[in-house]
Every structure is written in C-alpha cells, then in structure tokens.
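Asks: The following block contains the structure, expressed as structure tokens.
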Amino acid sequence: MAQPAAIAVQGLGKVFRRGDGLSVAALAGLDLVVEERAFVTLLGPTGCGKTTLLRILLGLEAPSGGSVRVAGRVPVEGQVPAGAVFQQHSLLPWRRALANVMFPLEMRGVRRRAARRQALDLLRLVGLEEAAGAFPHELSGGMQQRVAIARALAHNASILLLDEPFGALDDRTRRLLQAVLLDIWESRQLTVLFVTHNIEEALTLGDRILVLGQGRILEDHAVPLARPRDPLSDAFAAELLALRRVFAAAAEGAARGRDRSIEA
Ligand SMILES: Nc1ncnc2c1ncn2[C@@H]1O[C@H](COP(=O)(O)OP(=O)(O)OP(=O)(O)O)[C@@H](O)[C@H]1O
Ligand SMILES: [Mg+2]
C-alpha cells in the first residue's frame with residue numbers, strides 16, 4: 001500500500017468565536033498535501049491563518065470543518081508525530097538548555113541517562129553543545145531558537161513544523177540557522193513545513209512555496225532552483241523577482257475577492 005502523505009488537508013475551515021461575540025474565519029476551504037521528505041514553505045501576510053493551520057496540525061486546535069491527517073491520522077494533542085518550533089519564548093525558562101531538550105524524551109519515557117546522551121547529541125547537531133548548562137535567559141535569541149530546534153527533533157518525529165522560527169533574528173544568524181536546518185532536513189530525511197512571511201527565506205528553503213491568503217492556498221509554486229542555493233546568483237535573483245510577482249498577484253486577487261465579498 002502506498003505511504004500516506006505526511007500532511008493531507010482537505011476543505012479545512014476554522015471559525016473563531018471571539019469574546020466580543022464576533023466570528024473570525026481564520027481558514028476557509030484550505031487544501032494542502034505535503035509529501036514525505038518535502039520541504040514546503042508557507043508564505044503569507046500577518047493574520048492569514050498560518051499559525052492556526054499549524055496549531056490544527058498539532059491537534060492544539062479543532063477544525064470547524066474539513067479533514068486533516070498527519071502521517072495518515074487525525075491529529076490528537078500530544079500524539080502527533082511531529083516536532084514544532086514557534087516564533088519565540090517557547091523554552092521552559094526554569095530548565096537549562098539540556099533539560100529543555102530532554103523534556104520530550106522524558107515525556108516518552110526514555111531513561112534519564114539515555115535522554116541526557118540523546119539531548120547532548122541534538123545540541124551538538126545544532127552547534128550548541130557548550131550551552132547545555134545555560135538557562136534560556138542566558139542565551140541569545142538565535143541560541144534559544146537552536147535549542148528549540150533541538151527540542152523539536154527530540155520528539156524523534158519525521159515531520160517538523162516551524163512557525164516563523166527565525167523571524168526575530170538578524171540576517172547573518174538567520175542565514176546560519178537556515179543552513180543548519182537544511183542540513184538536518186537532508187541528513188534526517190525529514191518532512192518540513194516552514195511558515196514565514198519573508199519571500200527570500202521561502203525561496204532559500206522550499207522545494208514548494210505555498211502562498212496563503214484569505215484562509216486558503218492561493219498559489220502553489222514549485223521552485224526550480226538546485227541546491228545548495230546561492231542567494232547572490234542571477235538565477236536566485238530572477239526567481240525571487242518571479243515569486244514577488246506571484247505573491248503580488250495573489251495578494252491583489254485576494255483583495256479583489258475581499259471587495260466582492262464585502263459588496264455581496
Ligand atoms: N484564539 C483565537 N481567538 C479568536 N481569534 C483568533 C484566535 N487565534 C487566531 N485568531 C484569528 O484568526 C486569524 C488568523 O490568525 P493566525 O494567528 O493564524 O494568523 P497568522 O497568519 O499566524 O499571522 P502572523 O503572521 O501575524 O503570525 C486572525 O484574524 C486572528 O485574529
Ligand atoms: Mg502566526
């Protein structure tokens with residue numbers, strides 16, 4: 001039997017009822033298939049439903065409609081075979097870096113010594129072995145995100161979901177961590193869904209770039225560039241321009257759709 005797609009979403013809708021009585025349709029008719037071992041970037045403006053989608057994939061939020069499967073199963077909180085990295089402030093402040101990475105291992109019942117060894121290996125993988133004994137507040141933002149990646153990998157899942165993990169970092173650190181992530185994706189043969197609102201970052205990382213707007217996928221753009229990608233190359237610059245046009249057209253189309261729905 002064929003392997004199920006890593007992520008399969010059909011007709012997904014999510015309506016939030018806010019405290020003031022108003023309803024917000026965060027997602028509406030979203031279709032998405034992410035094949036195993038793909039690196040897919042999800043690009044979209046603020047408020048378009050990116051985090052909501054990731055939270056639904058992790059079983060942290062229930063859909064209002066449609067179907068969602070992660071590794072062939074309906075997501076249940078705590079049981080989804082995926083590690084996740086959020087934008088910031090996701091580490092446990094009272095635990096040292098090593099203990100943060102050990103946390104998912106402990107939750108899975110891995111014995112302390114083995115958990116310690118595996119967590120150290122993961123910190124080494126993200127180039128942060130020497131920070132094992134530091135508390136999160138003693139680490140820079142980039143270092144904290146490395147710990148968060150190591151902790152996400154400690155779930156030992158084949159799927160990694162990342163929600164603007166490098167958004168708060170300077171350009172150089174961001175590039176460094178992008179390279180670290182690509183190395184890990186390749187060496188561990190992971191499936192990655194990476195949320196960003198940075199077009200250049202989407203192009204640096206993804207095989208496919210999905211443009212999200214109005215709660216659904218507006219464009220599904222295959223990236224024709226070989227790896228490793230050189231952001232200073234002519235081919236990259238040309239592709240970036242093409243993608244900016246795709247993005248602008250999608251945004252314009254979404255705005256027109258919105259105007260129509262207001263008129264209706
Ligand atoms: N718990 C909630 N209750 C009510 N509305 C919510 C809730 N969570 C999200 N929303 C609304 O759903 C929409 C999508 O929010 P979401 O956080 O998914 O956006 P996003 O694409 O991740 O934006 P950003 O790029 O700013 O992180 C927004 O209009 C937001 O106000
Ligand atoms: Mg978000």
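The values are calculated or read from the model by the stated rules, or taken from the named source; none is laboratory data. Remember, predicted model here, so these are calculated numbers, not experimental data. Positions of Cβ are backbone-derived with ideal geometry, glycine not excepted, and every protein chain shown enters the neighbour counts.
Asks: What residue, of Leu30, Leu22, is among the aliphatic types (A, V, I, L, M) and more than 18 Å from Phe247 (Cα to Cα)? Even if it seems obvious, please write down each step before you answer.
Replies: On the way: Leu30 fails: more than 18 Å from Phe247 (Cα to Cα).
Unique residue meeting the criteria: Leu22.
Asks: Next question. Check whether at least one residue in segment 156-167 is away from ligand 1 (no atom under 16 Å from the Cβ) and at pLDDT below 90, and report yes or no. Steps first, answer last, please.
Replies: Of segment 156-167, the ones away from ligand 1 (no atom under 16 Å from the Cβ) are 156-160.
Still in the running and at pLDDT below 90: 156.
Checking segment 156-167: at least one residue is away from ligand 1 (no atom under 16 Å from the Cβ) and at pLDDT below 90.
Asks: Given the criteria farther than 29 Å from Arg208 by Cβ, away from ligand 2 (no atom under 16 Å from the Cβ) and over 14 Å from the mean Cα position of the chain (by Cα), does Val101 qualify?
Replies: Answer is yes for this residue.
Asks: If you take just the helices (runs of 4 or more DSSP H) that sit entirely in segment 115-219, which of them hold at least 1 residues that are acidic (Asp, Glu)?
Replies: Working: elements: 141-153, 171-188, 199-205.
Result: 171-188, 199-205.
Asks: Can you spot a residue in segment 29-42 that is under 16 Å from the mean Cα position of the chain (by Cα), within 12 Å of ligand 1 (Cβ to nearest atom) and assigned by TED's automatic domain parsing to the domain that holds Leu218?
Replies: Checked segment 29-42: at least one residue is under 16 Å from the mean Cα position of the chain (by Cα), within 12 Å of ligand 1 (Cβ to nearest atom) and assigned by TED's automatic domain parsing to the domain that holds Leu218.
Asks: Still on this structure: Name the single residue that is farthest from ligand 1 (Cβ to nearest atom) among those in segment 45-76 being within 14 Å of Val15 (Cα to Cα) and among the hydroxyl-bearing types (Ser, Thr, Tyr).
Replies: Of everything passing the filter in segment 45-76, Ser64 is farthest from ligand 1 (Cβ to nearest atom).
Asks: Somewhere in segment 197-206, is a residue among the β-branched types (Val, Ile, Thr) and free of Cβ contacts under 8 Å to residues at least 24 places away in the same chain? So that I can check it myself, show each step before the final result.
Replies: So in segment 197-206, the residues among the β-branched types (Val, Ile, Thr) come out as 199, 204.
Narrowing further to those that are free of Cβ contacts under 8 Å to residues at least 24 places away in the same chain: none.
No, there is no match, as no residue in segment 197-206 is among the β-branched types (Val, Ile, Thr) and free of Cβ contacts under 8 Å to residues at least 24 places away in the same chain.
Asks: Within segment 159-202, can you find the residues that are among the polar types (S, T, N, Q) and buried (at least 17 other Cβ atoms within 10 Å of the Cβ)?
Replies: If we filter segment 159-202 for residues that are among the polar types (S, T, N, Q), which is where we start, we get 173, 178, 187, 189, 191, 196, 198.
Across segment 159-202, the qualifying residues are Thr173, Gln178, Thr191, Thr196.
Asks: Kindly establish whether Val24 is within 17 Å of Pro75 (Cβ to Cβ), surrounded by fewer than 21 Cβ atoms within 10 Å (Cβ to Cβ) and without any contact (Cβ under 8 Å) to a residue 40 or more places away in the chain.
Replies: On the way: within 17 Å of Pro75 (Cβ to Cβ): no; surrounded by fewer than 21 Cβ atoms within 10 Å (Cβ to Cβ): yes; without any contact (Cβ under 8 Å) to a residue 40 or more places away in the chain: yes.
So Val24 does not fit the description; no.
Asks: A follow-up question, please. Please verify whether segment 161-172 includes one or more residues that are at positive phi and of a type outside the set (A, V, I, L, M). Quick ask: steps written out before the conclusion?
Replies: First, the residues of segment 161-172 that are at positive phi: 164.
With of a type outside the set (A, V, I, L, M) added as a condition, the list becomes 164.
Yes, that holds for at least one residue.
Asks: To continue, here is another question. Just a yes or no: is a residue in segment 222-238 assigned to a strand (DSSP E or B) and assigned by TED's automatic domain parsing to the domain that holds Leu30?
Replies: First pass over segment 222-238, keeping only residues assigned to a strand (DSSP E or B): 222.
If we keep only those that are assigned by TED's automatic domain parsing to the domain that holds Leu30 as well, we get 222.
Yes: one or more hits.
Asks: If you take the residues of segment 60-77 that are in contact with a Gly (Cβ under 7 Å, 6 or more places away or on another chain) and assigned to a loop (DSSP other than H, G, I, E, B), which of them is surrounded by the most Cβ atoms within 10 Å (Cβ to Cβ)?
Replies: Among them, the one singled out is Pro75.
Asks: Limited to segment 79-89, what total is found for residues that are surrounded by fewer than 19 Cβ atoms within 10 Å (Cβ to Cβ), in contact (Cβ under 8 Å) with a residue 24 or more places away in the chain and more than 13 Å from ligand 2 (Cβ to nearest atom)?
Replies: 1
Asks: Kindly provide the set of residues from segment 27-48 that are within 16 Å of ligand 2 (Cβ to nearest atom) and either in contact (Cβ under 8 Å) with a residue 12 or more places away in the chain or surrounded by 15 or more Cβ atoms within 10 Å (Cβ to Cβ) (or both), ordered by number.
Replies: Result: Leu27, Leu30, Thr41, Leu42, Leu43, Gly44, Pro45, Thr46, Cys48.
Asks: I'd like the residue in segment 44-79 that is among the aliphatic types (A, V, I, L, M) and in contact with a helix residue (DSSP H, G or I) (Cβ under 7 Å, 6 or more places away or on another chain) and, out of all such residues, is farthest from Gln3 (Cα to Cα).
Replies: First pass over segment 44-79, keeping only residues among the aliphatic types (A, V, I, L, M): 53-54, 56-58, 60, 62, 68, 70-71, 74, 76.
Still in the list and also in contact with a helix residue (DSSP H, G or I) (Cβ under 7 Å, 6 or more places away or on another chain): 68, 70.
On the way: Val68: 16, Val70: 12 Å.
Per the criteria, the residue is Val68.
Asks: Does segment 36-56 contain at least one residue that is over 19 Å from Asp163 (Cα atoms), modelled with pLDDT of 95 or more and assigned to a strand (DSSP E or B)?
Replies: No, segment 36-56 contains no residue that is over 19 Å from Asp163 (Cα atoms), modelled with pLDDT of 95 or more and assigned to a strand (DSSP E or B).
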